[in-house]
1. Could you figure out which of (1) free of Cβ contacts under 8 Å to residues at least 24 places away in the same chain; (2) more than 19 Å from residue 91 (Cα to Cα) isn't true of residue 28?
2. Hey, among the residues in the range 120-133 that are surrounded by fewer than 16 Cβ atoms within 10 Å (Cβ to Cβ) and not in a helix (DSSP H, G or I), which one's farthest from the chain's Cα centre (by Cα)?
3. So, in the range 102-115, of the ones that are assigned to a helix (DSSP H, G or I) and touching a Leu at 6+ places or on another chain (Cβ under 9 Å), which residue ends up surrounded by the most Cβ atoms within 10 Å (Cβ to Cβ)?
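What follows draws every value from the coordinates through simple rules; no lab data is involved. All of these numbers come straight from a predicted model, not from anything done at the bench. All Cβ positions, even for glycine, are placed from backbone atoms using ideal geometry, and neighbour counts span all protein chains on display.
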Amino acid sequence: MNLQERLMADLKEALRNNDVLRKDAIRMIRAAIKNAEIAWQREATDEEIQGIISREINRRLEALEMFRKGGRDDLVASEEAGIAILKQYLPEQLSREQIVEVVQQVVKELGANGPSAFGPVMRQAMSRLKGKADGRLVSEVVREVLSR
């Protein structure tokens with residue numbers, strides 16, 4: 001079962017169970033996927049769908065931060081629930097230690113040292129970690145490893 005089919009099955013289940021949060025989160029993702037498919041003029045692959053979901057999670061995290069600053073606890077809870085639902089459709093994220101291992105391996109392979117090598121190391125690391133790790137965390141680890 002691909003990701004599109006899984007989203008559709010989960011949407012049907014949410015509708016049957018009257019789970020409003022899950023239903024709304026899945027509908028929003030399906031709309032974003034549909035918009036991307038229209039723009040690309042083809043069907044989205046599972047990897048592209050995961051990218052769309054990741055972007056939507058990042059948007060929700062930014063909104064969550066704004067709601068916290070504004071003291072909107074009701075919206076904070078709903079955004080946190082939506083983020084938790086969306087994370088179920090992404091592959092398991094790597095731990096910080098696993099990311100450090102991959103980055104150290106990339107640095108070793110490229111023979112990189114110093115902050116000037118950030119770009120090439122980051123490109124290689126992200127190509128290996130795509131979908132498995134948050135870009136901000138990878139960037140933080142790369143800076144840390146290169147500063148040693």
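1. For residue 28, the failing item is (1).
2. The qualifying residue farthest from the chain's Cα centre (by Cα) is 130.
3. Filtering the range 102-115 down to residues assigned to a helix (DSSP H, G or I) leaves 102-110, 115.
Restricting the remaining residues to those that are touching a Leu at 6+ places or on another chain (Cβ under 9 Å) gives 102-103, 107, 115.
Numbers: 102: 18, 103: 24, 107: 20, 115: 11.
Filtering first and then ranking leaves 103.
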